[in-house]
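This report concerns only the one structure given below.
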């Protein structure tokens with residue numbers, strides 16, 4: 001029995017084959033070959049990943065922190081999963097080259113199974129210079145993880161047109177995980193460098209949308225489908241991992257704040273913990289800790305002694321000076337908080353401030369010191385009214401302020417636990433109180449009190465007697481008077497000390 005062909009089927013066949021002839025297909029093929037011989041229409045492009053900017057940032061960091069003279073061997077980076085065929089080591093070498101473009105901080109040496117030609121050539125030429133010195137470190141690792149189709153979602157919809165024809169639409173989305181593990185080894189004894197590693201993974205997503213049509217017949221079949229698929233390339237994902245790992249490895253190896261290149265700081269919990277790990281690791285070997293700060297402060301031009309890991313008075317002075325310029329407690333103690341602050345600091349601004357401090361230290365010129373009311377001036381205050389003052393100096397100086405009550409009992413109000421640095425720049429007036437965490441309040445008995453400040457060319461607070469220094473915002477011992485404090489500070493400073501005072505007068509009629 002003869003069956004009639006459905007009009008829909010005829011329409012589909014027409015769409016598939018049209019009126020094409022073999023001559024037309026041959027002509028189209030010849031034209032395609034001719035077009036290909038002209039070359040690609042698109043120019044080559046430079047690969048830019050999520051971490052390209054971070055790699056260049058690291059170059060500046062290495063220079064800023066004075067890193068130099070380090071040599072690192074780069075091994076073959078295998079694909080342990082046997083599923084990712086990309087030039088992993090070449091990506092790593094290119095990244096390291098980019099990272100040291102200006103700083104020249106680290107010398108990376110390529111050596112692996114693909115070096116046979118050059119090694120053979122050097123052997124034939126009897127050249128052994130490349131092997132006269134052993135690199136300090138070695139980078140090794142591999143693509144350690146490739147989990148395919150970790151997540152797979154598929155949706156299909158089909159409609160039966162006739163007994164023999166169906167039309168449908170499908171959509172799918174998959175995710176796979178790619179991991180890279182790298183570590184650094186001491187070549188002297190092949191031991192792992194503690195804490196210097198990178199273990200990161202990336203999720204690669206792909207998605208596809210298609211329209212599928214299928215016609216089924218008793219004697220022959222016809223299959224027609226179109227599919228548009230979109231996916232994030234594996235090679236680009238690997239390059240991202242390589243660049244991230246390079247920033248992380250070099251940052252950890254050289255102890256520079258690589259997290260800055262990824263817009264983070266030690267305020268982040270993980271970053272803060274890593275800075276603490278660095279400190280504790282060095283503190284286990286005090287010579288390493290002292291040498292680290294000797295080198296860093298020498299690189300900043302603050303420390304003038306030897307970098308030998310031996311604590312010296314010069315190092316103590318340099319640490320104290322740097323802490324003062326950073327607004328930290330002016331002491332020479334080394335702790336994790338100081339390391340974290342040092343790694344987060346804007347060192348150009350800090351060293352500029354130290355230069356001003358040194359200019360003041362070497363000066364004997366009289367320091368002009370002024371105290372005035374902040375805001376609207378008033379001749380008298382009400383009882384328990386908040387007092388707001390402003391302090392300024394005519395040149396960079398160290399400032400110390402005390403409050404004296406009607407019985408001449410003293411209290412140091414600046415510097416204090418909220419603002420530990422006594423250094424004051426000429427163009428940066430100081431508010432008193434300098435923190436919202438304490439107040440100056442007019443005497444409730446309506447008696448006069450006085451704020452007296454002293455400006456010196458050098459920081460004298462650590463050298464004051466315990467009685468005159470006391471505990472900030474707490475009354476000093478009895479017997480420590482204005483005359484006592486003045487005489488002691490003047491003796492420590494020498495010539496040029498500035499003084500200023502302000503009397504807090506209270507209206508006796510106020511409530």
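Every number in this text was worked out from the coordinates using simple rules, so none of it is lab data. Since this is a predicted model, take the numbers as computed values, not measurements. Reconstructed Cβ throughout: ideal geometry from the backbone, glycine too, with neighbour counts over all protein chains shown.
Miscellaneous remarks
- Entry for region 391-493 at q = 0.16 Å⁻¹: log10 I(q)/I(0) = -0.68, Debye formula applied to identical alpha-carbon scatterers, no solvent contribution.
- Enclosing the Cα atoms of region 269-415 in their convex hull gives a volume equal to 187 cubic angstrom per residue.
- Shown for 489, 139: other C-beta atoms within 10 Å of each C-beta, ranked fewest to most, produce the order 489, 139.
- When 126, 501 are sorted by how many other C-beta atoms sit within 10 angstrom of their C-beta, beginning with the fewest, the order is 126, 501.
- Going by neighbour counts of Cβ atoms within 10 Å, the residues 239, 505 line up, fewest first, as 505, 239.
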